[in-house]
Amino acid sequence: ESGGTALGMAGLFKAGYSEFGRLREESGMSAGALVQGAQRAMNVTQMREVDRLEQNLAFLATVASTSPYVGLFGTVWGIMSAFYSLQGATSVTIALVAGPISEALIATAMGLFAAIPAQIAYNRYADQVDRLEVRYDTFMEELSSILERSAMRRAKASAGAAG
């Protein structure tokens with residue numbers, strides 16, 4: 001998690017500070033316009049990073065939500081097959097149906113075996129992405145404040161030099 005944060009923060013800083021520097025070189029831009037330009041650049045970088053982080057969440061959600069149904073389908077199919085095989089039997093005992101039904105229930109167990117870890121992984125990963133997004137937002141606000149103070153100092157210095 002911290003490695004992803006550092007890379008994401010570095011990317012946000014680079015995007016915001018680079019755009020701030022480019023815009024600062026242009027004459028006549030207000031401090032607000034400089035900061036807004038830097039914020040737009042950071043927002044684009046953040047959206048790309050969050051999109052990259054969320055890339056595989058849909059797969060985990062799909063596995064978590066469909067695996068129990070696949071298991072249930074296998075169970076129903078197996079039980080139907082077990083009963084179909086009893087069709088010609090003259091006497092039915094529990095021993096005759098227990099084996100095929102227990103085999104059918106393995107499908108349910110396998111579905112749950114896939115679904116439970118996928119759901120846990122999805123919840124954990126989605127939470128981490130949300131937390132990173134909050135950290136990115138906080139970092140962008142802090143950097144914007146620093147850039148705004150810098151732009152205001154520069155504007156005051158320019159006004160003082162001109163006067």
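The values are calculated or read from the model by the stated rules, or taken from the named source; none is laboratory data. For clarity, every value in this text was computed on a predicted model and none was experimentally measured. Note that each Cβ is placed from the backbone with ideal geometry, even for glycine, and that neighbours are counted across all protein chains shown. The protein model used for the area step is the full one, side chains on, heavy atoms only, and it has no ligands, DNA or RNA in it. Shrake-Rupley method; radii C 1.70, N 1.55, O 1.52, S 1.80 Å.
If you rank MET29, MET9, MET80 by how much accessible surface each has, with a 1.4 Å probe, what is the order from largest down?
Accessible-area ranking of MET29, MET9, MET80, largest first: MET80, MET29, MET9.
How many nm is it between the label spots at ALA109 and SER65, if each spot is 7 Å from the Cα in line with the beta carbon?
Modelled inter-label distance: 2.8 nm.
Quick one: if you take sqrt(5λ) for each eigenvalue of the C-alpha gyration tensor of segment 83-163, what semi-axes come out, biggest first, whole angstrom?
75, 8, 5
Run the numbers for SER102 and LEU86: contour at 0.36 nm per residue of separation, minus the present Cα-Cα distance, in nm. Walk me through the intermediate numbers first.
Working: separation 16, 0.36 × 16 = 5.76 nm, distance 1.52 nm.
Full-extension gain reported as 4.2 nm.
For the ranges 84-95, 106-117, what's the packing order if you count other beta-carbon atoms within 10 Å of each residue, average per peptide, and put the highest first?
So the order, starting with the most tightly packed, is 106-117, 84-95.
Based only on the alpha carbon positions, what is the Kirkwood hydrodynamic radius of segment 1-147, in angstrom?
On the way: mean 1/r = 0.0513 Å⁻¹.
By the Kirkwood definition, the hydrodynamic radius is 19.5 Å.
With a Förster radius of 25 Å, plug the Cβ-Cβ distance of ASN56 and TRP77 into 1/(1 + (r/R0)^6) and report the FRET value to the nearest 0.05.
In this case the efficiency is close to 0.25.
Fully extended, how many nm does the chain gain between ARG48 and GLU142 (0.36 nm per residue separation, minus their Cα-Cα distance)?
My answer for the length gained is 31.8 nm.
Loop-only GluC sites (Glu not before Pro) in segment 1-74, please: DSSP not H, G, I, E or B, and at most 15 other Cβ atoms within 10 Å.
Passing sites in segment 1-74 are GLU1, GLU26, GLU54.
Okay, helix-only estimate at 222 nm for the chain: each DSSP H run of n ≥ 4 adds -39500 (n - 2.57), divide by all residues, round to 500 deg cm²/dmol; what do you get?
Taken over the chain, the calculation gives -32500 deg cm²/dmol.
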